[in-house]
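Trainee: Below is the structure I would like to discuss, written out as structure tokens.
The values are calculated or read from the model by the stated rules, or taken from the named source; none is laboratory data. Since the model is a prediction, treat every value here as computed from it, not as a measurement. Quick reminder, even Gly has a Cβ in these numbers, built from the backbone with ideal geometry, and neighbours come from all protein chains shown. Calculation scope for accessible area: heavy atoms of the full protein, side chains included, ligands and nucleic acids excluded. Shrake-Rupley method; radii C 1.70, N 1.55, O 1.52, S 1.80 Å.
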Amino acid sequence: SGINRYELNLGNLSITWCCLNNLNNYCVMPRQCGKTFAVMAVMCWILYFGGKNTEMILFAQQQSNLDNNMNRIKSIRNELPSYLRFVSNKDRDGSIMDFKALGNSIIKQAPGRSEESADNRGRGTSKPVMNYDEFGFIPYIRTQYQASILAQTTVARAAERAGLPHFVSIT
């Protein structure tokens, strides 16, 4: 099959462990070591198995990166054995992915192109599970991150009380 495989290395093991234990994490590794794929695998697991009423969001430097990350999640799902693919025709599978049976969803958010729009995007995207891919290259990242992390802290506390996934992963 044409899918990338999860590569078990120290960095990816650390990312996965942190995410599954609801720990915010920041991982810097050389390119093409699978760090983004590892986070997308965790998000796929949350979407279809590990979450309930869990909202997730993907941030990246440009739309093509967001599309690639969403396609990674779809590829991982599509490689599951048929008896583990529970997708129905009611589930969205485009710029928003959701799994209505568990009430889980993933959205992607392009970066703000001004300081004001970055601030608005940060404030308007309070989700318990967040991934920032190519963090250092996202325009106005400082403004967006500062706004989003404050909002994420509140929803993360609610998710923690409910025993649901909550973390910020920066790759």
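Trainee: Would you rank Tyr83, Tyr132, Tyr145, Tyr140 by solvent-accessible area, highest first, keeping every protein chain in place and using a 1.4 Å probe?
Mentor: From most exposed to least exposed: Tyr83, Tyr140, Tyr145, Tyr132.
Trainee: Taking 7 Å along the Cα-to-C-beta vector as the label spot, tell me the Asn68-Asn9 distance in nanometres, rounded to one decimal.
Mentor: 1.6 nm
Trainee: Arrange the residues Phe59, Phe135 by how much accessible surface each exposes, largest first, with a 1.4 angstrom probe.
Mentor: Ranked from most to least accessible, the order is Phe135, Phe59.
Trainee: Ranked from highest to lowest mean number of other Cβ atoms within 10 Å per residue, what is the order of the peptides 101-108, 22-29?
Mentor: So the order, starting with the most tightly packed, is 101-108, 22-29.
Trainee: Right, another one. With +1 on each Lys and Arg Cβ and -1 on each Asp and Glu Cβ, how big is the dipole of the stretch 56-156 about its Cα centre, in debye rounded to the nearest 20?
Mentor: The dipole magnitude comes to about 280 debye.
Trainee: Before anything else, pin down the relative contact order of the chain: Cα pairs under 8 Å, at least 6 apart, normalised by residue count, whole percent.
Mentor: Across the chain, relative contact order equals 28 percent.
Trainee: Distance between the C-alpha centers of the stretch 68-111 and the stretch 156-171? Whole Å please.
Mentor: Using only Cα atoms, the two centres lie 19 Å from each other.
Trainee: Before rounding to the nearest 500, sum -39500 (n - 2.57) across all DSSP H runs of length at least 4 in the chain and divide by the residue total; then give [θ] at 222 nm in deg cm²/dmol.
Mentor: After summing the helix terms and dividing by the residues of the chain, the value is -12500 deg cm²/dmol.
Trainee: For percent of Cα pairs over 24 Å apart, several values are listed as [x] 31; [y] 51; [z] 35; flag the one computed from this structure.
Mentor: [x]
Trainee: Further, regarding this structure: Where both residues lie in the stretch 12-129, what percent of DSSP beta bridges are antiparallel, nearest 5?
Mentor: In the stretch 12-129, DSSP labels about 45 percent of beta bridges as antiparallel.
Trainee: With point charges of +1 on the Cβ of Lys and Arg and -1 on the Cβ of Asp and Glu, referenced to the Cα centre of the chain, which listed residue (Trp17, Val168, Leu84) lies farthest in the positive direction of the dipole?
Mentor: Of the listed residues, the answer is Leu84.
Trainee: In addition: Let me confirm the definition first: pairs of Lys residues in the chain, 8 or more apart or on different chains, C-alpha distance under 22 Å. How many are there?
Mentor: 17
Trainee: Dipole of the stretch 1-153 (Lys/Arg Cβ +1, Asp/Glu Cβ -1, origin at the Cα centre): which of Val28, Pro111, Met97 lies farthest to the positive side?
Mentor: Most positive-ward Cα: Met97.
Trainee: Rounded to the nearest 0.05, what FRET efficiency do Leu80 and Gln146 give with R0 = 25 Å and r taken as the Cβ-Cβ distance? Could you check?
Mentor: 0.10
Trainee: Please calculate the 1.4 Å probe accessible area of Val87, with all protein chains present, and give it to the nearest 10 Å².
Mentor: Its heavy atoms expose roughly 70 Å² to the probe.
Trainee: Right, something else. Roughly how many debye, to the nearest 20, is the charge dipole of the chain about its Cα centre, given +1 on each Lys and Arg Cβ, -1 on each Asp and Glu Cβ, and no other charges?
Mentor: 260 debye
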